[in-house]
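Q: One structure is given below, represented as structure tokens, and several questions about it will come after.
The values are calculated or read from the model by the stated rules, or taken from the named source; none is laboratory data. Nothing here was measured: the structure is a model prediction, and the numbers come from that model. Here Cβ is always computed from backbone atoms with ideal geometry, including for glycine, and neighbour counts include all displayed protein chains.
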Amino acid sequence: MRTYHSPGTTMTPEVTFSEKDATLSIAGECYPENPLLFFSPLFNTLSTFFSEYHPADFRATIHLHYINSASTKAFRQLFRTLDAAAESGTTVHLQWIFDPEDDALQDLGNDLAEDMQFLDYLECPTESVA
């Protein structure tokens, strides 16, 4: 089974992908020096996973405390990858978790999801997370 894990640092989020569970979790601070380089191994892993396995369901949870503007490009690419998988038949549930007092992160999630036609996007303030 394929997995991908990148431990969180002061500048990068913890990223965990499990092929067995068909899940992705991204949590923490996100302001790597080169976001596309940081996320490239994850994108490659997900691309291979979706093209080879075509899972029925996939769950992604994103819980960022901070993200810089350069990283939004990488997240836009991630959302497109997940939306393409959903268009191909995988039910993709994407939970965007944010501090309810952080309007910028809430708006970013909405902006990223706005053009995605096939994702099951759920906006989730932290106090409603189970």
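Q: Condition first: in a helix (DSSP H, G or I) and either within 24 Å of Pro125 (Cα to Cα) or modelled with pLDDT under 95 (or both). Can you find one or more residues in the stretch 7-22 that meet it?
A: no
Q: If you check Ala84 against the conditions, is it modelled with pLDDT of 95 or more, under 18 Å from Met116 (Cβ atoms) and not acidic (Asp, Glu)?
A: Judged against the criteria, Ala84 is a match.
Q: Next question. Quick check on Phe49: is it closer than 26 Å to Glu87 by Cα, in contact with a Pro (Cβ under 9 Å, 6 or more places away or on another chain) and in contact (Cβ under 8 Å) with a residue 40 or more places away in the chain?
A: Yes; evaluated as a whole, the condition is true for this residue.
Q: Being within 25 Å of Arg2 (Cβ to Cβ), under 13 Å from the mean Cα position of the chain (by Cα) and either aromatic (Phe, Trp, Tyr) or surrounded by 15 or more Cβ atoms within 10 Å (Cβ to Cβ) (or both) narrows it down to one residue among Phe50, Phe43, Phe38; which is it?
A: The conditions single out Phe43.
Q: So Pro32 fits all but one of (1) over 21 Å from Leu105 (Cβ atoms); (2) in contact (Cβ under 8 Å) with a residue 24 or more places away in the chain; what number is the exception?
A: (1)
Q: Please verify whether Leu36 is at pLDDT below 95 and assigned to a helix (DSSP H, G or I), treating the condition exactly as stated.
A: Against the criterion (at pLDDT below 95 and assigned to a helix (DSSP H, G or I)), Leu36 qualifies.
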